[in-house]
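Here the structure comes first, spelled out in structure tokens, and everything after it is commentary.
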Amino acid sequence: MHQTLYDPIRKKDVPATPEEHVRQATIRFLLDVVKVPEHLMCIEFALSTIDPNTDERADIVVHNFREGASIDKPWLLVECKAPDEYTWEELQVQLNRYLKILTPKYIMLALGDVTRYFVLDSNGRSFKKLDSLPEYAK
């Protein structure tokens, strides 16, 4: 029997892969610490929803509908990777592909238990490093 983890957003058990452990820990962090409402979080978000020419999926997208933002301008884009399976450089290359389709306000990269955060600067063209994410506005 394969090990599984319960995903509270997708409301189902998912295979307990190393990457899924990172994703589920990140979901718990977003729900419990950042206070992201469950209904605004999308797991394995199909980027083909926006660009039909891609089959890529973002690990976690937190929509920003409350501020009137369209689906391609989420509050947060998260990419999760298992430790020892990716490097920061590989993660950056993947992220750059996503940023051709999405313009998030914040980015969170989780590589194992090491996390990096970024915010879109005021000119909307580049991201600067943050120490942590702000709590999601209620």
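The values are calculated or read from the model by the stated rules, or taken from the named source; none is laboratory data. Since the structure is predicted, the reported quantities are computational estimates derived from the model, not experimental observations. Counting neighbours? That spans all protein chains shown, and the Cβs are built from the backbone with ideal geometry, glycine included.
Brief remarks on what is shown
- Any pair with Cβ under 9 angstrom, 6 or more apart, that starts in region 9-27 at a residue that is crowded, with 16+ Cβ neighbours inside 10 Å and ends at one that is among the small types (Gly, Ala, Ser) and part of a helix (DSSP H, G or I): none
- Counted residues, region 54-93 - those being among the aromatic types (Phe, Trp, Tyr) and at pLDDT 95 or above: 1
- All strands (runs of 3 or more DSSP E) inside region 1-105 with 1 or more residues being on the phi < 0 side of the Ramachandran plot and among the acidic types (Asp, Glu): 4-7, 12-15, 57-62, 76-81
- Scope region 51-80; condition surrounded by 15 or more Cβ atoms within 10 Å (Cβ to Cβ) and among the aliphatic types (A, V, I, L, M); matching residues: 58, 60, 61, 62, 69, 76, 77, 78
- As a summary of the residue check, residue 38 satisfies the conditions (1) surrounded by 14 or more Cβ atoms within 10 Å (Cβ to Cβ); (2) without any contact (Cβ under 8 Å) to a residue 60 or more places away in the chain; (3) over 19 Å from residue 117 (Cβ atoms) except for the one numbered (1).
- Hits in region 84-106 - residues which are among the acidic types (Asp, Glu) and surrounded by 13 or more Cβ atoms within 10 Å (Cβ to Cβ): 85
- Screening residue 3 on (1) surrounded by 19 or more Cβ atoms within 10 Å (Cβ to Cβ); (2) farther than 22 Å from residue 118 by Cβ shows it passes everything except condition (1).
- Those residues of region 107-138 which are of a type in the set (A, V, I, L, M), surrounded by 14 or more Cβ atoms within 10 Å (Cβ to Cβ) and part of a loop (DSSP other than H, G, I, E, B), in sequence order: 133
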